[in-house]
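Below is one structure, written out as structure tokens; comments come after it.
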Amino acid sequence: MTEAAFWSDLTDRGMVQQTTNETMGDWIASQLGSNDELTCYCGFDPTADSLHIGSLLPVVGLRRLKNAGLKPIALVGGATGMIGDPSGKTTERTLLDADALDANVKGIGGQLETLLEGTAGQDFLMVNNYDWFGDIRFVDFLRDVGKHFSVNMMVAKESVRARLEDRDHGISYTEFSYMLLQAYDFLHLFETHGCRLQVGGSDQWGNITAGIDLIHRKHHGEEIEGITFPLITTSSGKKFGKSEKGNIWLDRKRTHPYFMYKYFFDTDDADVVRFLKCFTFVPLEEIGGLATSMETEPHLRATQKALARQVTGMVHGAETAEACAGLEPAMHHDDVEAFEKHAETLGLLDPSSIGSEESSTDLPVVHRPLSELQGEGLLAADLAIACGLFKSKGEVRREVGSNSGFRIDGKPVESFDYRITSQLLGSRRVLQIRKGKKNKRMVCFHG
RNA sequence: GGAGGGGUGCCCGAGCGGCCAAUGGGAGCAGACUGUAAAUCUGCCGGCUUAUGCCUACACAGGUUCGAAUCCUGUUCCCUCCA
């Protein structure tokens, strides 16, 4: 892809929210065309030891820049993380201690290596701003950085103003200072790595421009630019990246890959093309074809499948994504053979490997001892509740009655007292229970 | 510090001595329709070994009453106005 094509691709994908330069595409092309390299950076907040899909967009954006030939720097905010960015936040942040931050920086660092498809230090640079903030002296900082900031200007920034106007929460001096730290990051990266472009989410606009201003004051005449990516929203008004269970994390220990796959698979028609453009590297022409397919043969759900597979693959690897893509229809069509094959790949068939994870009751697979079915058998309602399918016996009662939403192997459970016996299982090991059409569990019995 | 107003189920929001497990809306779940979509329509929507039953619940702790989410007292949190 040529430099010019890169920029039009980026804008066509709806990835560009704001730019500091009206002809940003030309500027980037000219920078890349000249002997100079163009280095860009994007910061990530180490608020947890994993990113979630809500912060996926900037990472993907950075990777696009990398693909276009820019030298990316991923900055993990070990120092700024101790302060807390007030941008887009309505309440004061709780401060993390150094150990937790350190663990978070490590966790996120590993994920960035995967997502940026490279090794840190080689294909891209990974820095931690604690390295230069750790022992900077307060007095020096005030002299060298603080002097260049006008409080009047800072107060006018949207992120600060919102909090000043909120009488309930206000803003602490610490968070108020955040902007200076991020501005200094940019300055530091400019001075040490010649970084002249910062990118980030749309809530970073104020911080990015603050950094540009600071560099201008210190280094007259330099061309320093910034780009922000849009905030991803859903057409239904729900927050993108949140399921009923909470955030969709990139860490498979927090969110099983199958959930991630399913989350994207369930994307609303109204959103799926937009997401496909932003989150994946599928060529735009191909996305156009998928969009057409959604109109002419919607039942195939090709668009959703492509999105789910691409994103899951990017985060968890192609093999996992393929297994998820196989498991989904197996679950949907109650195909036990296909289920076992793909669940095996996903490590879902080994009862010892799962069960301790936080969301194990929500996994599509549960394991039970075969002995439970002996004698009178197991009360179906108890099993369904243990799987997290129903939340109380009362709910089971309601379902078995009128419209029989509770089914075992596709057959409606007629009465609340129904028991599952080894006779029902026969020679099989897996049995499927479900609530309605969407909520299913494959129950594996182990002898 | 002074004066008012308020904290109700997942969320919003009625109720203001018994008919209240509590109107209504949203969310959620199920059913119909469909494309494993959206929209729409219908039902459910605190828990309990099967229920003209019991328990838990209307900020917290007490009290008045045959009986309180509804009245009284104290505590606590929030909002508005004044200083």
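The values are calculated or read from the model by the stated rules, or taken from the named source; none is laboratory data. These numbers come from a predicted model, not from an experiment. Cβ sites come from the backbone with ideal geometry, for glycine too, and all protein chains shown count toward neighbours. Accessible surface areas use protein heavy atoms only, side chains included; no ligands, DNA or RNA. Shrake-Rupley method; radii C 1.70, N 1.55, O 1.52, S 1.80 Å.
A few points about this structure:
- Cross-link partners of A:LYS106 among lysines (Cα-Cα below 26 Å; sequence separation of 8 or more within a chain): A:LYS66, A:LYS71, A:LYS89, A:LYS242, A:LYS245, A:LYS253
- Carbon/sulfur fraction of accessible area - segment A:173-227, other protein chains in place, 1.4 Å, %: 47 percent
- Peptide ranges A:129-141, A:211-223 listed from the most packed, as the mean C-beta count within 10 angstrom indicates: A:211-223, A:129-141
- For the pair segment A:3-42 / segment A:223-290, the C-alpha centres are spaced 23 Å from each other.
- Straight-line reach from A:LYS411: taking Cα to Cα under 17 Å and skipping same-chain neighbours fewer than 8 places apart, the aspartates and glutamates in range are A:ASP334, A:ASP335, A:GLU399.
- Mean Cβ count within 10 Å, highest first, over the residues of peptides A:417-430, A:188-201, A:109-122: A:188-201, A:109-122, A:417-430
- Mean Cα-pair separation over length for chain A, i.e. relative contact order, pairs under 8 Å, 6 or more apart, %: 13 percent
- Chain A - Kirkwood radius from inverse mean 1/r over Cα pairs (Å): 24.5 Å
- Unit Cα scatterers, Debye sum, segment A:3-231: log10 I(q)/I(0) for q = 0.15, 0.16, 0.17 Å⁻¹: -1.03, -1.18, -1.34
- Rounded tilt (10° steps) of A:205-218 against the dominant C-alpha axis of chain A: 30 degrees
- Tilt relative to chain A, helix A:56-67 - C-alpha long axis, 0 to 90 degrees, to 10: 60 degrees
- Relative contact order for segment A:3-231: 27 percent, from Cα pairs under 8 Å spaced at least 6 residues apart, divided by residue count.
- The gain in end-to-end length when the A:THR192 to A:SER427 segment is fully stretched comes to 77.8 nm, 0.36 nm per residue minus the alpha carbon separation.
- FRET efficiency for A:GLU117 and A:SER293, using Cβ-Cβ distance with R0 set to 35 Å, rounded to 0.05: 0.80
- For segment A:180-185, 3J(HN,Hα) computed residue by residue from phi via the Karplus equation (6.51, -1.76, 1.60; θ = phi - 60°) reads 5, 5, 5, 5, 5, 3 Hz, glycine and proline entered as x.
- Modelled label reach - A:ALA338, point 7 Å along Cα→Cβ, segment A:409-439 residues with backbone N closer than 20 Å: A:409-411, A:429-439
- Accessible solvent surface per residue of chain A, calculated while the other protein chains remain in place, 1.4 angstrom probe, Å²: 48 Å²
- Ellipsoid semi-axes in whole angstrom, largest first, where each is sqrt(5λ) of the Cα gyration tensor of segment A:227-352: 25, 18, 13
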